[in-house]
1. Over the chain, what is the relative contact order in percent, taking alpha-carbon pairs closer than 8 angstrom and at least six residues apart?
2. For the stretch 152-202, what's the relative contact order in percent, using C-alpha pairs closer than 8 Å and at least 6 residues apart?
3. With θ taken as phi - 60° and the coefficients 6.51, -1.76 and 1.60, list the Karplus ³J(HN,Hα) couplings across the stretch 147-156 in order, rounded to whole Hz; mark glycine and proline as x.
4. Can you give the convex hull volume per residue for the Cα atoms of the stretch 128-169, as a whole number of Å³?
5. If you fit an axis through the alpha-carbon atoms of helix 75-89 and take the longest principal axis of the Cα set of the chain, what angle between them do you get, 0 to 90°, nearest 10?
6. Can you tell which of 16, 184, 165 shows the greatest fluctuation in a Gaussian network model of the chain with Cα springs below 10 Å?
7. Taking the beta-carbon count within 10 Å as an exposure proxy, list 116, 11 from fewest neighbours to most.
8. Among 139, 30, 13, which one moves the most in a GNM of the chain with springs linking Cα atoms closer than 10 Å?
Amino acid sequence: MTFNHKRISERDQLDLFRALPGDLAPRDAQDLMAYPFFSLAKSRRVRPIDYRSRTVAIRVEAVPDHGMATIWDADVLIWAASQIVEARDAGLKTSRLMAATPYEILTFVGRGTGARDYDRLKAAFDRLQSTTVLTSIRQPAERRRHRFSWINEWKETADAHGRPLGLELILPDWFYAGVLDDALVLTIDRAYFDLTGGLERWLYRIVRKHGGRQADGWSFDFSHLHAKSGSLS
């Protein structure tokens, strides 16, 4: 007896969400702002990030071919979060399967649109897809862990004549669920994209996350702040 079950891909099970036009407000996921998920260095990093506190465990691993996803690569996730929140608030159906042109993503995050910028964007997609995260954040039991990559898969699309149409990507459940939760997303200043240093970008995000509306201010000791950066320096 033989069985011929057609394999159903993740893509086949998801509706396609086409990126919205217009100048959307940038939104960032609070979990990504508060914890060390990305390399802050422009040089390739392969050494894992290991972060533990009383309630949170995070391990981020990279492959040598691409290196760890960086805080600049995370701009793609800010773009995705901004799209999802905007569509949700407008009463539109969202999806983890998203389609856009490189031009739309690059202009949103304040980058150029030349050939080198397109190549750098594709390299960012490769790092986001190959970097893996293991975390206890938002897991129902203390010993439970969720493992995922920042992008499950991505591909370039073309028409019947081979002319490029754009990009499609699939976001992981963990990130998508956090973005759909009102309490887990913050609007950030568009000037964030002008910050060129990894440390400066990280400092803005962590202060935006923790320093918001607290009348008595906010403070960390330096050792805790350094641990939350995940930095090797």
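1. Details: 358 pairs, mean separation 62.7, N = 233.
Once normalised by length, the contact order is 27 percent.
2. After rounding, I find 22 percent.
3. Once rounded to whole Hz, the list reads 10, 7, 10, 5, 10, 5, 6, 8, 7, 8.
4. Values: hull volume 3.2 nm³, N = 42.
Per-residue hull volume (Cα only) is 76 Å³.
5. 80 degrees
6. Maximum fluctuation in the GNM of the chain, among the listed residues, is at 165.
7. Details: 116 9, 11 14.
Ascending Cβ contact count within 10 Å gives the list 116, 11.
8. Sorting by GNM fluctuation, first place goes to 13.
Coordinate-derived values only; no laboratory data. Values in this document were obtained by computation on a predicted structure and should not be read as measured data. Cβ: placed from backbone, ideal geometry, glycine included. Neighbour counts: every protein chain shown.
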